[in-house]
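Asker: One structure is given below, represented as structure tokens, and several questions about it will come after.
Readers should treat all values here as calculations from the given coordinates under stated rules, not as data from a laboratory. Being a predicted model, the structure only gives us computed values, none of them experimental. Cβ placement follows ideal geometry from the backbone for every residue including glycine, while neighbour counts extend to all protein chains displayed.
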Amino acid sequence: MNLSSESTGWQLFPTRRRSRTGSFTLRLTSMIDMFTILLVFLLKSYSAEGQIMTLARDLRLPQSTATLPPKTTSIVAITREWVLLDGRPIVRNSEVLKSGELVIPSLLKELQDLRALTEGIGQLGAASDFAGNITIQGDRATPFELLKRVMVTCGRMGYNDMNLAVLRTE
Amino acid sequence: MNLKAALGRSRTRGEADVNIIGVLNLFLILVPFLLLTAVFVKIAVLELSLPAAGRKGGVATADKPAILNILAVEEDGFQLNSPYMSHAKLPRVGESFDYKGLQDQLKAVKAKYPESEDIVISPASSILYEVIVKVMDTCREAGFPNISLAG
């Protein structure tokens, strides 16, 4: 009984008390309470399908009451500084706004390559054919001028079905 | 007398414990599993399609002579235009736009033309994306699900 106190030199519990009760029990009630609350909260935020879309980093999506689930398409992201296509930076926002034309040439070229690739895969007999779907993730402070130019560029290349990604609020 | 004897006996034998080790094991497994699969950011999409092969939306949708509602979003407020109705301009109050007033006006249009579902939003260049999305939400909730953007 006194082995630990003799060998280590300090006592976890006073010896008298220990010898009187013989054994001790952990008080787990509050821990179980915590686990129960955590469990309920996590079950509420459980989703079976997981996250389809990855968000670009320098970006805050606007909030919306939309409920449509996102699809797996290519993603044009308009962050605070760059326009990205599938995660690759294409052109700076300031350059887009500086130029006078409505179509963004560098983005148009990348979209053309993407479309050629998708159509090539479709011709090989894979399931995915070119459907003209594209998802646009825009930062909430993007001016409409920039959004318009990106959308016009997408439309010019045949991506007519645009999905605007938003954060869902209940 | 009897009660006192019973109490005394229970005290000498100690309190009864519920065996919670099984529940605890279950929790310890479930909590990490749910933490891994939890999705904290829910993403949805707003669908928006351009008329095929066209550059801009808006006036190009001439294939059906639907009731064309045009909502201009300017820096200083909303201006809704619909056929044979005149709407007051909804001024911007400080930082926030008058979404409530817009909803009322849209409902009035919906009451007059119940079959109308199309609306064209025409924002000014400097309007923020956040505002556009909110306007689109307002239109959808008021019963105009076919939204197009015109620049």
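Asker: What size of dipole, in debye to the nearest 20, comes out for the range A:49-139 about its Cα centre when the only charges are +1 on Lys and Arg C-beta atoms and -1 on Asp and Glu C-beta atoms?
Answerer: 200 debye
Asker: If you don't mind, there's one more thing I want to ask. For the cross-link pairs B:42/B:110; B:112/B:134; A:44/B:100; A:44/A:71; A:71/A:98; B:89/B:134, which exceed 21 Å when the distance is taken from alpha carbon to alpha carbon?
Answerer: Going by Cα-Cα distance, B:42/B:110; B:112/B:134; A:44/B:100; A:44/A:71; A:71/A:98 fall outside the 21 Å limit.
Asker: Rounded to two decimals, what is the ratio between the C-alpha radius of gyration of the range B:88-151 and 2.2 N^0.38 Å?
Answerer: Working it through for the range B:88-151, the quotient is 1.10.
Asker: Now for a different question. Counting other Cβ atoms within 10 Å, keep those with at most 11, restrict to DSSP loop, and tell me which GluC sites (Glu not before Pro) in the range B:70-151 are left.
Answerer: Of the GluC sites (Glu not before Pro), the ones in loops of the range B:70-151 whose Cβ has at most 11 other Cβ atoms within 10 Å are B:75, B:95, B:115.
Asker: Next up: Of all chymotrypsin sites (Phe, Trp or Tyr not before Pro) in the range B:69-151, which ones are in loop regions per DSSP and have a Cβ with at most 15 other Cβ atoms within 10 Å?
Answerer: Answer in residue order: B:84.
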